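Step one of this worksheet: look at the structure below.
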Amino acid sequence: MTLRIALRATTILALATLAQTGIAQVNTDAGTIQADRIERFFGQPGYSPYAGRSYPMIPLWGEQHLHTSWSPDAIASGTRVDPDAALRYAKGAEITSSTGQQVKLSRPYDWMVVADHSDALGIMAGVLAGDPALLADPKLKEWNKGMNAGGDAASAVVIEMITLQGQGKLPEAVTDKTVQFDMWRKMTEIVESHDDPGTFSAMIGYEWTSNYGGGNNLHRNVIYRDGKALADRVRPLTTFDTEIPNELWDWMQTYEAETGGRVLAIPHNGNLSNGLMFATETPDGQPIDADWAAARQRWEPLYEVTQSKGTSEQHPSLAPADEFADFEIWDKGNLNVVPKEPGMIEYEYARQALKRGLLLEDQLGTNPFKFGLVGSTDDHTGISSAEENNFFGKFPASEPGVERMTANAFDFEGRTIKDWTLGASGLTAVWAAENSRASIWDAMKRKEVYGTTGPRMLVRFFGGWEFEPADAQGRNPGAIGYGKGVPMGADLPPAPSDDAVPGFLVAALKDPLSGNLDRIQIVKGWVDGNGEMQEKVYDVVWSGDREPGADGKVPLVGSTVDVANATWANTIGSSDLITVWQDPDFDPAQRAVYYARVLEIPTPRWTAYDAAYFGNTPGPEVTMVVTERAYTSPIWYSPAE
């Protein structure tokens, strides 16, 4: 009886509300829909708020940078996981690692790119197996012995291979174009067998591995929108062909012209490029111009901001006011650990490049560094492992083991980088309409993507001129964001008036298997009236009842990490955060770029899990706690012409 009365009262209240809004003579026949009245009352075209909507509703998680035993440096260092096993693992299968350990993802991926090196693709497997034709070369015979011996001998082969590649002195048998093309067709056959539209997208791709000048990392991953039929028609470019990035773009143009297909390239983390990744001249010393800028913007819409060899969002020396910039920094040198010279770091980090792109747009008419942000692992184990408690390292030597805390990840003539500095990072989320190669590639091309250091938090970021605080109360920020603005990766539309100020709707939902959220920040870069690059990091929404200090910064959230036991408690932070923020320092005459950075509460780093599992006692220099994060692709503002 009480329930019936309550329902009847609710019905009367609803009728009264409708009458007050001017909607008279409500039809009480439940089977009759009067769309005009529903639209007036609910602000939607029909009863279902999702009908007719075509924008991306969920992010698809994946890896665009994984190496298997078909990469020469991987197999030489002991990797025995091949592309087929790597893709099965990405789809959720449990596999055996190269060191004989069982491993499985916490949750399957939605898509993956096996990006083995195009240089000597699959050929070193023949060297390992002792192919007589290959072992006729004395150097390859020597490598065969080292690879089969394992340990330090195998590591020495990897080091020599990288060194000789940088010098252009690899054995001729390794650089044979016919053999490479045959292996490419076998690779695409494997990838094609795993593509399952709607469930899992096996994307075709490869890594072009330029180490220009001896270890200066200018690597790019080439990602195809296409399947095997088109990808097999043009031989992938190698660094035996060229080590100059703009000549890779020429290859991409040729591929599209000859096949009608589509490709894009993703530059690797620039922190190992020794100043070349975002330089304002080409590696061979040619000044960049408008054509170069337009080509880079066209072919390279994304940038790998985080991976196992460090995070290259921003260097703390370039942003002393950013207390979160000092995160998983690798800044000793290039891939050969050749030390950096003063000024190189300025041209290696994403935030500096985003700002410099605004400056170059004023000078050249095109912004060459107009890229979105993604994450990946760059693991060479065939195992994509971005989870702190499930980290299998970069090479087999850095898979879980009692000695990896003190071992060297890189050792070039005594110049070393320790294994413990490797990061369990990262992943990419794409806001795609469906799980298919084409839809995922299209999301990458339009930069509607974001990278994380491993956790799978959901992040929305929109910019526009009509957002208001009440928009942060909606339960579907996607509907509001697309309705009133543009998503991450886009340009703000022209301002509706001279005094308009851009607003940003940003929302994040925690990964259910990871830490709560500490805060969301919006990072702004701009060029001031004197032509100088500027930046500022704004705390825009945060957990708890903390208040900003006099400097405008929100205090640290604290920590619940028990390092000794590698545990933490989600008793601080929030499960979700959302806000609408307006730029308080907006100048309509100045170009600007904005992106969101989402920070978790502190949690145990993989080194803490190792110490607890193996009973190690790490040295005081070893980082044991991590603040995981996400980086959205930016949104750009340009003054009206």
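Brief remarks follow.
- Among (1) among the hydroxyl-bearing types (Ser, Thr, Tyr); (2) farther than 16 Å from residue 396 by Cα; (3) open to solvent by 30 Å² or more (accessible area, probe 1.4 Å) - the single one residue 96 does not satisfy: (2)
- Residue within region 592-600 that is surrounded by 14 or more Cβ atoms within 10 Å (Cβ to Cβ) and within 25 Å of residue 400 (Cβ to Cβ) present: yes
- All conditions but one from (1) in contact (Cβ under 8 Å) with a residue 12 or more places away in the chain; (2) of a type in the set (Gly, Ala, Ser); (3) open to solvent by 20 Å² or more (accessible area, probe 1.4 Å); (4) more than 19 Å from residue 309 (Cβ to Cβ) apply to residue 414; the one that does not is (1).
- Candidates 163, 178, filtered to the one that is in contact (Cβ under 8 Å) with a residue 12 or more places away in the chain, of a type in the set (Ser, Thr, Tyr) and assigned to a helix (DSSP H, G or I): 163
- A single member of 127, 81 is in contact (Cβ under 8 Å) with a residue 12 or more places away in the chain, surrounded by 23 or more Cβ atoms within 10 Å (Cβ to Cβ), of a type in the set (A, V, I, L, M, F, W, C) and more than 28 Å from residue 424 (Cβ to Cβ), and it is 127.
- Considering 173, 202, 156, the condition of being among the small types (Gly, Ala, Ser), modelled with pLDDT of 95 or more, out of contact with any Lys or Arg (no Cβ under 6 Å at 6 or more places or on another chain) and not in a loop (DSSP other than H, G, I, E, B) is satisfied by 202 alone.
- Every residue from region 88-110 that is assigned to a loop (DSSP other than H, G, I, E, B) and aliphatic (A, V, I, L, M): 93, 105
- So residue 254, is it over 20 Å from the mean Cα position of the chain (by Cα), of a type in the set (Ser, Thr, Tyr) and at negative phi: yes
- Qualifying residues in region 527-545 (those that are open to solvent by less than 40 Å² (accessible area, probe 1.4 Å) and either assigned to a loop (DSSP other than H, G, I, E, B) or among the hydrophobic types (A, V, I, L, M, F, W, C) (or both)) - the one farthest from residue 628 (Cα to Cα): 531
- Pairing each residue of region 212-225 that is touching a residue at least 60 places away in the same chain (Cβ under 8 Å) and within 15 Å of residue 262 (Cβ to Cβ) with any residue that is open to solvent by 10 Å² or more (accessible area, probe 1.4 Å) and in a loop (DSSP other than H, G, I, E, B), provided the two are 6+ apart or on different chains, yields C-beta distances under 7 Å for 225/262.
- Any hit, region 612-624, residues being surrounded by 24 or more Cβ atoms within 10 Å (Cβ to Cβ) and part of a loop (DSSP other than H, G, I, E, B): no
- Among the residues of region 99-116, those identified as of a type in the set (Gly, Ala, Ser) and touching an Asp or Glu at 6+ places or on another chain (Cβ under 7 Å) are 106, 115.
- Whenever a residue of region 554-583 is in contact (Cβ under 8 Å) with a residue 40 or more places away in the chain and under 18 Å from residue 469 (Cβ atoms), its partners that are of a type in the set (A, V, I, L, M, F, W, C) and outside any strand (DSSP E or B), lying with C-beta atoms within less than 7 angstrom and at least six residues away or across chains, give the pairs 578/472; 579/472; 580/467; 580/472; 582/501; 583/501.
- Among residues that are among the acidic types (Asp, Glu), outside any helix (DSSP H, G or I) and more than 12 Å from residue 240 (Cβ to Cβ), residue 207 is included.
- Each residue in region 99-124 was checked for being more than 30 Å from residue 442 (Cα to Cα) and either in contact (Cβ under 8 Å) with a residue 12 or more places away in the chain or buried (at least 16 other Cβ atoms within 10 Å of the Cβ) (or both), and 5 pass.
- Positions within region 240-286 being among the polar types (S, T, N, Q), open to solvent by 20 Å² or more (accessible area, probe 1.4 Å) and touching a residue at least 60 places away in the same chain (Cβ under 8 Å), in sequence order: 280
- The residue list 424, 433, 438, 407 contains one member that is surrounded by fewer than 18 Cβ atoms within 10 Å (Cβ to Cβ), within 30 Å of residue 194 (Cα to Cα), of a type outside the set (Phe, Trp, Tyr) and touching a helix residue (DSSP H, G or I) at 6+ places or on another chain (Cβ under 6 Å), which is 433.
The values are calculated or read from the model by the stated rules, or taken from the named source; none is laboratory data. In this text the structure is predicted, and so the values were computed from the model without any measurement. For neighbour counting, all protein chains shown are included, and Cβ atoms are generated from backbone atoms with ideal geometry for every residue, glycine included. Side chains included, ligands, DNA and RNA excluded: accessible areas come from the protein's heavy atoms. Shrake-Rupley method; radii C 1.70, N 1.55, O 1.52, S 1.80 Å.
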